[in-house]
2 protein chains.
Amino acid sequence: MLENTLHFEIAKSEQISAYARRMSDEIGDIGYYALPDIGKHESLERIKNKYKTKQNVVLIGVGGSSLGAKAISNMLGLEIIFIDNLDESVIKGALAKISLENSVFIISSKSGTTIETISIYKVLLAHFKPKDFSSFIFITDEGSPLENYAKSVGGELFFIPKNVGGRFSVLSNCGLVPLALAGADIKAILEGAKAMKERFLEQNDPLILQKAHHYATHPNAKINVLFSYDSRLKAFNEWYIQLWAESLGKRRGYKRMGLTPVGLVGSADQHSFLQLIMDGPKDKSVTFLKVAAKNEITVPDIKLEFLNSCDFANNLSVSFIQNSQSTATLQALKSENISVDEITLSRLDEWHAGALIYYYELLTSACGVMLGVNTYDQPGVELGKMLLKKMLSTQ
Amino acid sequence: MLENTLHFEIAKSEQISAYARRMSDEIGDIGYYALPDIGKHESLERIKNKYKTKQNVVLIGVGGSSLGAKAISNMLGLEIIFIDNLDESVIKGALAKISLENSVFIISSKSGTTIETISIYKVLLAHFKPKDFSSFIFITDEGSPLENYAKSVGGELFFIPKNVGGRFSVLSNCGLVPLALAGADIKAILEGAKAMKERFLEQNDPLILQKAHHYATHPNAKINVLFSYDSRLKAFNEWYIQLWAESLGKRRGYKRMGLTPVGLVGSADQHSFLQLIMDGPKDKSVTFLKVAAKNEITVPDIKLEFLNSCDFANNLSVSFIQNSQSTATLQALKSENISVDEITLSRLDEWHAGALIYYYELLTSACGVMLGVNTYDQPGVELGKMLLKKMLSTQ
């Protein structure tokens with residue numbers, strides 16, 4: 001179960017119905033909507049079996065090629081080694097942990113020519129000098145240069161559907177291949193996503209449109225804080241930041257549109273960013289995201305001399321205290337009339353991972369429709385890439 | 001060397017001179033200014049020696065009690081185990097790595113009664129059942145309940161000066177004790193900080209005031225992005241976020257003041273947040289923070305069939321490419337007239353860690369003076385704490 005309670009005024013149905021139609025219009029063209037329905041994944045079973053003796057799953061990919069798999073593996077406590085930045089300490093750290101023999105390598109790039117990914121791949125080739133490519137899996141768009149390369153060397157090859165953008169691709173092979181190899185139950189992930197699809201697109205629960213309408217129209221909700229009260233959601237925050245920033249930060253004609261994402265982890269970040277939300281400019285909405293209490297660790301009933309003012313937490317589970325901190329902070333912000341809402345997941349498992357991902361993808365699409373932007377492109381990052389190429393080509 | 005180039009219009013000296021005086025006025029009252037001068041640290045040498053056989057340094061502390069030590073240990077590649085959130089997976093993850101015998105435990109809380117820290121400490125006591133407190137170090141304010149407790153059990157005790165706030169405390173015992181135990185050269189950290197003190201407070205280099213003036217007055221610089229092009233600066237970003245948000249997000253009378261921090265790591269986050277900066281609302285300044293190229297890993301001169309469009313990176317070092325990405329992105333943003341500046345560190349070592357920390361502390365104080373807020377309190381987090389205590393006490 002994913003429950004979501006909005007603590008702000010909600011839009012009337014006539015305000016959102018036109019947007020619901022515009023969103024439905026996208027469904028045929030925009031590939032991610034259909035991902036929960038895409039049937040059996042026999043090829044995932046096959047590679048799981050093929051690589052079952054490999055100890056490490058190593059994913060080489062940046063941005064949309066790694067953030068989704070990282071979000072879900074973090075939620076589920078699965079081990080994937082990410083080389084997700086063209087950065088010496090990241091590469092050295094990964095190389096120290098792996099050998100060619102005990103690893104399966106996934107080279108993931110939608111365009112097939114992401115400079116970071118291909119450069120890291122070359123470093124690995126020089127380092128490991130593989131005799132063949134039996135331990136290499138390539139994930140890319142059909143028709144990309146990386147497809148042709150993969151075929152020429154004989155590595156495993158998986159496709160991302162062309163009409164699925166990188167940041168919306170975690171429920172495609174892009175996320176599912178590494179997650180399956182790391183041991184996730186792919187079927188349950190997709191079932192969770194499908195449940196959200198049914199709820200919001202088929203049964204037309206208006207909640208996501210109401211929430212998006214608030215964000216797209218309310219002057220006090222320009223910065224959208226996701227306050228996750230479970231450190232297993234830290235990588236999900238990063239995934240959300242990419243999804244939100246890159247989808248919604250767009251020009252509409254001459255106008256600059258967009259909503260700014262912030263990711264926090266509770267309760268730790270109550271000791272960091274919270275002061276700014278409470279007393280700073282009123283431009284921030286806050287979504288409290290929590291997982292129903294696990295109750296695996298309890299604060300023991302120890303009374304320490306001089307520290308009795310802390311005894312009120314004794315005999316309570318750590319996760320119960322953490323969730324209570326979420327509730328208390330929500331109430332404090334609500335008393336300041338700050339836009340807050342609360343999402344509660346019953347558990348952190350595959351089903352809920354899929355549900356949460358799909359919920360946020362739909363919310364992003366809904367905001368995009370309401371802001372009147374193209375949610376699915378990213379024209380603003382091209383200039384920097386061009387300048388880099390020019391700069392380095394003259395070296 | 002820490003070099004900083006501002007790519008925006010700078011204030012005239014008469015616009016900032018009054019603020020320089022107001023900042024000088026703070027120096028006697030606000031303790032962090034003096035931390036680089038505080039002489040010899042014999043007690044740090046003593047405990048380094050006392051605990052030299054311990055394999056793990058375990059720091060229990062949240063917010064200002066951990067973020068500074070985490071920032072510097074991340075920069076230097078030092079190993080400290082942080083239990084910095086009251087969160088079951090964080091606690092379980094740490095417990096799986098440590099034993100009582102091979103660890104020294106630091107319990108760090110300025111007030112001495114931080115509910116997360118004391119609760120985690122109780123979990124550790126129940127888990128390890130220590131016979132004595134010879135492996136426990138307590139760091140707190142003089143006169144706090146935790147001081148009294150530490151004395152009653154006979155643990156090592158270190159003080160944070162009363163007039164040094166938690167988020168400004170990394171150059172006090174709060175940061176120095178864990179860093180010394182983890183092997184950092186404390187003297188060099190303080191020398192780096194002292195060099196910035198001399199440059200900006202004694203020789204009156206106006207750069208920090210100019211930069212702060214821009215942030216405090218320019219409508220396009222309400223969100224301040226720190227874009228660090230080295231993953232060893234990731235925890236520094238987190239430290240910056242706390243420092244900035246909690247210091248500057250304040251009420252001034254009825255008015256809500258504040259600047260919103262965002263931390264990014266390059267080049268990875270060029271594939272995430274950059275689109276929003278380029279094309280979204282023009283309310284973001286960006287500081288590019290980079291480390292002069294290390295050149296430890298080079299992209300080999302491998303030409304892969306079909307992928308020759310990526311060959312322009314061949315024969316270049318990974319860190320050179322990363323820094324070039326920083327430069328290219330800076331230029332792209334500059335062409336959009338977005339407020340950018342660039343900080344370059346010659347190396348990531350103790351001296352530069354201290355310099356960078358102190359530079360940012362001074363910048364925060366300067367912004368606080370210009371915004372007319374109390375930079376050093378955090379009244380907004382109290383209501384949530386009160387609500388929590390009320391909520392849990394009735395359990």
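The values are calculated or read from the model by the stated rules, or taken from the named source; none is laboratory data. Since we're looking at a predicted model, the values are computed, not measured. A quick note on method: Cβ atoms are made from the backbone with ideal geometry, for glycine too, and the neighbour counts reach across all protein chains shown. Ligands, DNA and RNA are stripped out before the accessible areas are found, and what is left, the full protein with its side chains, is counted by its heavy atoms. Shrake-Rupley method; radii C 1.70, N 1.55, O 1.52, S 1.80 Å.
Charged side chains reduced to their Cβ positions (Lys and Arg at +1, Asp and Glu at -1) give the range A:53-122 a dipole of some 120 debye around its Cα centre. Farthest towards the positive end of the charge dipole of chain A, among the residues A:I277, A:A34, A:T5, is the Cα of A:A34, using unit charges on the Cβ of Lys, Arg, Asp and Glu.
Note on the range A:286-373: percent of Cα-Cα distances in each 5 Å bin, starting at 0 and stopping at the bin with the largest distance, equals 3, 11, 15, 15, 16, 15, 10, 6, 4, 3, 1, 1, 0. Once Lys and Arg get +1 and Asp and Glu get -1 on their Cβ, which of A:A150, A:L179, A:N323 lies farthest toward the positive end of the dipole of the protein assembly as shown? Sorting the options by dipole projection puts first A:N323. If you take the square roots of the eigenvalues of the alpha-carbon gyration tensor of the range A:109-163 and sort them as a ≥ b ≥ c, do you get rounded (a/c under 1.5), prolate (a/b over b/c) or oblate? Since a/c reaches 1.5 but b/c is at least a/b, the shape of the range A:109-163 is classed as oblate. In the range B:241-292, a dipole from Cβ-located charges (positive for Lys and Arg, negative for Asp and Glu) runs towards its positive end, and of B:V262, B:L289, B:L248 it is B:L248 whose Cα lies farthest in that direction. Most fluctuating residue of A:I118, A:I38, A:I106 in a GNM of chain A with Cα springs under 10 Å: which is it? Comparing A:I118, A:I38, A:I106 in the GNM, the peak value goes to A:I38. Contact residues in the range A:136-167 (at least 40 Å² less accessible area with all protein chains than alone, 1.4 Å probe): A:Y149. Projected onto its three principal axes, the C-alpha set of the range B:34-184 covers 40, 33, 27 Å, listed from the longest axis down. In the range B:40-84, Cα pairs under 8 Å separated by at least six residues give a relative contact order of 44 percent. If only the Cβ of Lys and Arg carry +1 and only the Cβ of Asp and Glu carry -1, the dipole of the range A:34-184 around its Cα centre is close to 240 debye. Given a 1.4 Å probe and no ligands, DNA or RNA in the count, how much accessible surface is buried by A and B, both sides, to the nearest 100 Å²? Roughly 9500 Å² of accessible surface disappears when A and B pair.
Between A:I38 and A:T394, the simple label model (points 7 Å from Cα in the Cβ direction) yields a spacing of 4.2 nm.
Note on chain A: along the principal axes its Cα atoms extend 63, 60, 47 Å, ordered by decreasing extent. The mean number of partner chain beta-carbon atoms within 10 angstrom of a residue's beta-carbon across peptide A:373-381 is 4. Taking B:C174, B:C367, B:C310 as the candidate residues, the one with maximal mean-square fluctuation in a Gaussian network model of chain B, Cα springs under 10 Å, is B:C310.
With each label modelled as a point 7 angstrom along the Cα→C-beta vector, the A:K282-A:M386 pair spans 4.3 nm. Remark: for residue pairs A:K48/A:K187; A:K290/B:K222; A:K250/B:K282; A:K151/A:K390; A:K222/A:K255, the C-alpha separation exceeds 19 Å in A:K290/B:K222; A:K151/A:K390. Our analysis of the protein assembly as shown gives Rg over Rh at 0.95, with the two radii drawn from alpha carbon positions and Rh computed by the Kirkwood formula. With contacts taken as Cα pairs under 8 Å and at least 6 residues apart, the range A:64-139 reaches a relative contact order of 33 percent.
Charge tally for A:A94 (other residues, Cβ to Cβ under 12 Å; Lys, Arg +1; Asp, Glu -1): -1.
First compute the accessible area of the range B:104-218 with a 1.4 Å probe, then give the percent of it belonging to carbon and sulfur atoms.
That share works out to 49 percent.
Give me log10 I(q)/I(0) at q = 0.15 Å⁻¹ for the range B:145-249, Debye formula, one equal scatterer per alpha-carbon, no solvent. Taking Cα atoms of the range B:145-249 as identical point scatterers yields -0.91.
Loop sites by DSSP among the GluC sites (Glu not before Pro) of chain B, restricted to those with at most 11 other Cβ atoms within 10 angstrom, leave B:143-304 as the longest stretch without any of them. Accessible surface of B:T117, taken over heavy atoms with a 1.4 Å probe and every protein chain present, rounds to 0 Å².
Here the calculated FRET efficiency for B:N49 and B:K129, from their Cβ-Cβ distance with R0 = 30 Å, stands at 0.65, rounded to the nearest 0.05.
Computed from the Kirkwood radius of its Cα pairs, the Stokes-Einstein diffusion coefficient for the range A:1-92 at 10 °C and 1.306 mPa s stands at 89 µm²/s.
Using a cut-off of 17 Å between alpha-carbon atoms, which lysines can reach B:K162, once sequence neighbours fewer than 8 places away in the same chain are excluded? Candidates past the 8-residue exclusion: B:K110.
Computed on the range A:1-138, with alpha-carbon pairs under 8 angstrom and 6+ residues apart, the relative contact order is 23 percent. Within the listed set A:I27, A:I139, A:I297, the residue fluctuating most in the Gaussian network model of chain A (springs between alpha-carbon atoms under 10 angstrom) is A:I297.
Of all aspartates and glutamates in the structure, those lying under 15 Å Cα to Cα from A:K50, and not within fewer than 8 positions of it along the same chain, are A:E42, A:E101, A:E156.
Taking all protein chains into account, the per residue accessible area for the range A:93-215 stands at 33 Å² (1.4 Å probe).
For chain B, the longest principal axis of the C-alpha atoms and the axis of helix B:234-248 are separated by about 80°.
For A:L383, the accessible surface of its heavy atoms amounts to roughly 60 Å² (probe 1.4 Å, protein chains only, rounded to the nearest 10). Dipole size of the protein assembly as shown about its Cα centre, with +1 on Lys/Arg Cβ and -1 on Asp/Glu Cβ: approximately 160 debye, rounded to the nearest 20.
With contributions of -39500 (n - 2.57) from each DSSP H run of at least four residues, the per-residue ellipticity at 222 nm computed over chain B stands at -13500 deg cm²/dmol. The chymotrypsin sites (Phe, Trp or Tyr not before Pro) found in the range A:172-277 that occupy coil by DSSP, while having at most 15 further C-beta atoms within 10 Å, are A:Y254.
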